[in-house]
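The values are calculated or read from the model by the stated rules, or taken from the named source; none is laboratory data. Given the structure is predicted, the values throughout are model-derived calculations rather than measurements. Using ideal geometry, Cβ is built from the backbone for each residue, glycine included, and neighbour counts are taken over all protein chains shown. Note: accessible area is taken over every heavy atom of the protein model, side chains too, but ligands, DNA and RNA are not part of it. Shrake-Rupley method; radii C 1.70, N 1.55, O 1.52, S 1.80 Å.
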Amino acid sequence: PKTMTTRFFPVYPWDKSSLKSMPVDLQQFEKLDAYALKVNVTNSVEELVKALLKQARTDLEKVRAIWMWICHHIEYDVVGYHNKSQLSSKPRDVLQMGKSICEGYAELFEHMCSLAGIQCKKLSGHAKGHGYKTGQTFTGDSDHAWNAVYLEGRWHLLDSTWGSGSVDDSVTKFTYRYNEFYFLTHPALFINNHFPDNSNWQLLKPTLTLKEFENNMLHNSNFYMLGLLAVHPETPIIQTVNGKASVSVDCRRGTLFKFKLQGTDEHGLMTLKKDGMNLDIYPQKTGSHKLEIFAKPSKAEASDDVYKCVVEYVVECESVDTGARFPKDLHQPVGPSWFSERQGFLRPSHREPVLHTNDGRCCLTFTLGKDISVLTSLHCDGSSLAEDMGRRHVLQVLRRNQVELKVHLPHAGSFVLKIYSKKRSDPGNYDYIFNYLITCLNKEVKWPAFPQSYSKWLQDYEILEPLSGVLPANRNVQFKLKMHGIAKVLVQAENTYPLTENKGYWEGTCNTSGCREVFVMVHENANHSFYSHVLKYEVETQ
């Protein structure tokens, strides 16, 4: 047989070009795959191979047919795993039983290949499979087996055990779930979770040491199948610095992410980028914490539309940054991104996820896509913004296709500004799109809510004054409102005061003495006696 004068892959670290060690066109395999799945011969390995090869011409096709059949017909023997002495890995027995552990998968694969005239080796070593704990070391005998096959002048790696499905951590249940990733995996990716006893079979130059293997980040197959490219840091165990740790992921295309730190996403700030995501986390307890990062493609076909875990870290926290407590209502990711842009919020005035304001006021603008109607609300922990008040601390002004959001905070603290939208032409509900974190440390801040508006107050009307929804008692108050398409405007306090129109602005004064509420009313048509309420102000009590 050909000796190990194989050409290595001088491509570590991974050159990001392909997930496979040779060009493979999966579409060309569709017929062959379907055929191999239907083959139903279990009386002898020889007969099985003969049947499988009927549709296979090239060596690659032969290997593919054998691979496909094993991945879909042999299940992992969870009982045998716990009682290995009773177990046979002989190909004939594996075929009869229809189940085995990795050893049996690899021996059956090797035997079927040799019957098909293809060089194949069974390899053993350490694997980061079920039960693997982030950062653990490997000692003693090897715990996993897989294969190398010789195709087109070089060796290639595959793992039919992992190609067939997965077991739970306690190895009590096996689930068939075909995984294309482990067929002819690029060696620079295979080394991520397979460490052969004989380092030549890494098929890499330079080879990795066991220590490097142990310290390397484990990227599972989802990581690569979703088109992710890299994570930072590259070490599985991270120490916080002053209570904070940062992680980022790079990917090729718009991908959506989630994270969980000890099962919750409350203690972090995640932002989406075109080519990945950034995450700052602030554990609120000292000690070791599990951090999981999930991803899904943004344009997934509905069936595959679930977040899959792509990477895990252990975060070791020595001190807690108590100042980095976030409001419960904060939703990840935070801030604008390609996702909010896709929903029609273009050219944000503030690209960062967090806004700091000293005087308790801030103003954000966006250019809106076609036919978009916007809704906003402000939230904080505690009851100060209960019910409807969260809406009334944000004032929205629409000027053609630009929307301006004025925010007046009721007090110091951390707030969430949530932004929703819908198509103007749709009767339905508003959808949540994104949010910002707004912080203010100034204890003097105490802005009243904006006036309450009614349905006849149109989106492109504008209040110039008074902006405060609470008016001083016994005063003359100046009004200036921008409204169009109406005939007459009245301000109703104890008496009624008309406003006069001047270049699209309605102006005038009203006296607040002797009343608790002030209403702005409009006549849409000079001939009707019917008024509509558009705004309501409160008057301070004496």
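Can you go through 306, 310 and tell me which one is of a type in the set (A, V, I, L, M, F, W, C), surrounded by fewer than 15 Cβ atoms within 10 Å (Cβ to Cβ) and assigned by the TED database to the domain that holds residue 232?
306
Suppose we filter 129, 98, 80, 104 for residues that are under 41 Å from the mean Cα position of the chain (by Cα) and touching a residue at least 60 places away in the same chain (Cβ under 8 Å); which single one remains?
129
Condition (residue is buried (at least 21 other Cβ atoms within 10 Å of the Cβ), among the aliphatic types (A, V, I, L, M) and in the same structural domain as residue 150 (by the TED database)) applied to region 80-90: is it met by at least one residue?
no
Are there helices (runs of 4 or more DSSP H) fully within region 178-252 with at least 1 residues that are under 20 Å from residue 26 (Cβ atoms) and of a type in the set (Ser, Thr, Tyr)? List them.
Where helices (runs of 4 or more DSSP H) fall fully within region 178-252 and carry at least 1 residues being under 20 Å from residue 26 (Cβ atoms) and of a type in the set (Ser, Thr, Tyr), they are 221-225.
Which of the residues spanning region 512-542 are outside any strand (DSSP E or B) and among the basic types (Lys, Arg)?
Selection gives 516 alone.
Which residue, of 124, 142, 164, is touching a strand residue (DSSP E or B) at 6+ places or on another chain (Cβ under 8 Å), in the same structural domain as residue 189 (by the TED database), in contact (Cβ under 8 Å) with a residue 12 or more places away in the chain and surrounded by fewer than 18 Cβ atoms within 10 Å (Cβ to Cβ)?
142
Just to be sure before I move on: is residue 65 modelled with pLDDT of 95 or more, open to solvent by 10 Å² or more (accessible area, probe 1.4 Å) and either in the same structural domain as residue 194 (by the TED database) or farther than 17 Å from residue 176 by Cβ (or both) in the structure I sent?
no
Give region 262-283 a look and list any residue that's under 15 Å from residue 248 (Cα atoms) and either assigned to a strand (DSSP E or B) or not assigned by the TED database to the domain that holds residue 298 (or both), or say none.
268, 269, 270, 271, 272, 273, 276, 277, 278, 279, 280, 281
Can you run down the residue pairs with Cβ atoms below 9 Å, 6 or more apart or on separate chains, where the first is in region 511-525 and outside the structural domain of residue 471 (by the TED database) and the partner is assigned to a strand (DSSP E or B) and not charged (D, E, K, R)?
none
Filter region 111-121 down to the residues that are surrounded by fewer than 22 Cβ atoms within 10 Å (Cβ to Cβ) and either in a helix (DSSP H, G or I) or at pLDDT below 95 (or both) and list them by number.
Of everything in region 111-121, those that are surrounded by fewer than 22 Cβ atoms within 10 Å (Cβ to Cβ) and either in a helix (DSSP H, G or I) or at pLDDT below 95 (or both) turn out to be 111, 114, 115.
Among the residues of region 276-327, write down those that are among the basic types (Lys, Arg) and touching a strand residue (DSSP E or B) at 6+ places or on another chain (Cβ under 8 Å).
285, 290, 296, 308, 325, listed by residue number.
Kindly indicate whether any position in region 503-511 is more than 22 Å from residue 447 (Cα to Cα) and either open to solvent by 80 Å² or more (accessible area, probe 1.4 Å) or in a loop (DSSP other than H, G, I, E, B) (or both).
Yes, that holds for at least one residue.
Scan region 260-282 for residues that are touching an Asp or Glu at 6+ places or on another chain (Cβ under 9 Å) and closer than 24 Å to residue 381 by Cβ and jot them down.
Those that are touching an Asp or Glu at 6+ places or on another chain (Cβ under 9 Å) and closer than 24 Å to residue 381 by Cβ: 260, 261, 263, 268, 269, 270, 271, 282.
Regarding residue 150, is this residue part of a loop (DSSP other than H, G, I, E, B), open to solvent by 10 Å² or more (accessible area, probe 1.4 Å) and under 29 Å from residue 62 (Cβ atoms)?
no
Can you tell which of 395, 378, 385 is within 14 Å of residue 450 (Cβ to Cβ) and in a loop (DSSP other than H, G, I, E, B)?
Going through 395, 378, 385 in turn, the sole match is 385.
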